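One structure is given below, encoded as structure tokens.
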């Protein structure tokens, strides 16, 4: 089984974008996912301020036979990056985001607290 690693900005967890029952379901699902030994979720707190992930969401994908590629999303859509310089820069931004984020255990506790305070 492959491992999945996520860094989620706290804003994405705190912004109420759906009815409470839907948000409750989503937090419950996140907590279920957090319990998997194959998933690591880290929350990047608002208190961190400006951070390397502000350029927008990216997915780093290990593609057999090709190495790592990046899927970058923006308001106008997404695109794949495969040039080694681009991939390296996105890996660096991701590593910096992970370094600024809470640990997986602390992130799980935060998600549980947000759920309990709905």
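For segment 47-100, what does the alpha-carbon gyration tensor say about shape, rounded, prolate or oblate, given a ≥ b ≥ c as the root eigenvalues, a/c under 1.5 as rounded, and a/b over b/c as prolate? Oblate is the answer for segment 47-100, as a/c is 1.5 or above yet b/c matches or exceeds a/b. Looking at the chain, the pairs of alpha carbons with a distance over 16 Å make up 65% of the total. The sum of -39500 (n - 2.57) across all DSSP H runs of n ≥ 4, divided by the residue count of the chain, sets its helix-only mean residue ellipticity at 222 nm to -13500 deg cm²/dmol. By the count of neighbouring beta-carbon atoms within 10 Å, fewest first, 51, 88 end up ordered 88, 51. With Cα atoms defining each centre, segment 33-92 and segment 5-19 are spaced 16 Å apart in the structure.
Relative to the longest principal Cα axis of the chain, at what angle does helix 20-34 sit, 0 to 90 degrees, rounded to 10? Value to nearest ten degrees: 60.
The numbers here are math on the coordinates, done by the rules we state, and not lab data. This is a predicted model, so every value here is computed, not measured. All Cβ positions, glycine included, derive from the backbone under ideal geometry; neighbour counts span all protein chains shown.
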